[in-house]
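Data block below; observations after.
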Amino acid sequence: MSRLILIYNPNSSNYRRVKKDVLDKKAEIFAGYELSEYTIKKIGFANNVKNLKAEIRDGDFCFALGGDATAAITANAILESEKDAILAVLPYGNFNDLARTLGTMKLSDFVAENGLLRAFRSAAARELAREPHGDGSERRGPQGAISALYPLEIYVDGKFWRYATCYVTIGMTAAAVELFDEPKFRKYMQKGHKSSWRSYVELAKWYFKNRHSKIFLPEFTINGKKTVKKASDYAALSGKSMCRVMKGGEDYKKPAIFRSKALKTISFPRLFILMAKSILFRTPGNNTNGDILEFKNPATVELQAEGEYQIFENIKTIEVRKGEKCLKVITKR
């Protein structure tokens, strides 16, 4: 029998929905599975990854109930554990980029008759789950597939920082993520208000207030080449979306390629053009299999992956690349 680990954050803005929709009905929804739970605590991203990876066993379904932060903790825990576990994502966040990439956007995808979880309960599906997916191909069940996702790997001054399943940004866009941790904003969201529109409004207010407040990225090069003058951001995108509205592609299926670009988003006209292209067509960028950002002088920068950020001081290089390690994920057919 497969074991299923439910991972959730009781302090998240949509925890009430998680409890009502899933946790209060878990015995019925996940009938036939051995259940375990991991509660995300206020101990930081890295410590949650460390604690969760110690719980993961070969053959587990790690079921992330939350937004991209919850999914990112779960994905990093699986990858660092090196166990043969599978990630499933049910979105309860502001943007839900990983769930959009995987196509698993509704509870009914999983719990309907012959839903995804039931599809993979069979011995045949478990056997497929143990097979490597080095070619990026999908192994389909009755309602879905077990696929390979190749995450981005981020290194700071040569030291591994974390995996990113969909995207990573450095600079102003990373600094903006701090507003989601402000007590006033989190309290508002926890009352059950709509998440996405309020997030966009707050981001817009933060942008016009802070875009000229400091140099978000000191002078740097990418792979030895100069970037756009006074670039304020670097973005790497591998998944199907970034912040919900910015379109990506299917680079997450590929072991050695993603799109990246240095940006000058402090210029509103440039930001407007970027967003228009990203929403209507695809987020601009250059295909690469790895980028090394090298700062002219030791720098202090903000770095974030899927909504989880950290400030680094006096660093010289940041490297973003695709590694050979893949993450097994459940995707909707």
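The values are calculated or read from the model by the stated rules, or taken from the named source; none is laboratory data. All of these numbers come straight from a predicted model, not from anything done at the bench. Here the Cβ positions follow ideal geometry from the backbone for every residue, glycine too, while neighbour counts run over all protein chains shown. Accessible surface is based on the protein model in full, side chains and every heavy atom, while ligands, DNA and RNA are left aside. Shrake-Rupley method; radii C 1.70, N 1.55, O 1.52, S 1.80 Å.
Ordering 271, 237 by accessible surface, largest first, gives 271, 237; the 1.4 Å probe counts only protein heavy atoms, with every chain in place.
When the solvent-accessible surface of protein heavy atoms is calculated with a 1.4 angstrom probe, in what order do 58, 97 fall, highest first?
The ranking, largest first, comes out as 58, 97.
Return the carbon/sulfur percentage of the accessible area of the chain, one whole number, probe 1.4 Å, all protein chains in place. Heavy-atom surface of the chain belonging to carbon and sulfur, 1.4 Å probe: 51 percent. Seen against the Cα atoms of the chain and their longest principal axis, helix 68-81 is set at about 70 degrees. Heavy-atom accessible surface of residue 315, to the nearest 10 Å², is about 10 Å², with a 1.4 Å probe and all protein chains retained.
Comparing the chain with the 2.2 N^0.38 Å rule of thumb, its C-alpha radius of gyration ratio is 0.98 (two decimals).
What the Cβ-Cβ distance of residue 159 and residue 257 gives, at R0 = 22 Å and to the nearest 0.05, is a FRET efficiency of 0.35. Computed with a 1.4 Å probe over protein heavy atoms only, the accessible area of residue 232 comes to about 0 Å². Annotation: aspartates and glutamates with alpha-carbon distance below 13 angstrom to residue 240 (same-chain offsets under eight excluded): 97, 250, 251, 306. The Cβ shell under 10 Å around residue 238 holds other residues with a net charge of +3, Lys and Arg each +1, Asp and Glu each -1.
From largest accessible area down, sort 26, 225, 42; use a 1.4 Å probe on the protein chains.
Heavy-atom accessible area, descending, gives 42, 225, 26.
Please work out the C-alpha center-to-center distance from the range 288-333 to the range 89-112 and express it in whole Å. Here the two parts' Cα centres lie 24 Å apart. Residue 2 sits with roughly 10 Å² accessible to a 1.4 Å probe, with DNA, RNA and ligands left out of the calculation.
Counting only lysines at least 8 places from residue 42 when in the same chain, those with an alpha carbon closer than 21 Å to its own are 19, 50, 53, 184, 187, 191. The convex hull defined by the C-alpha atoms of the range 2-96 has an orientation-averaged projected area of 5.4 nm². Note on the chain: helix-only mean residue ellipticity at 222 nm, from DSSP H runs of 4+ residues weighted -39500 (n - 2.57) and normalised by residue number, equals -8000 deg cm²/dmol.
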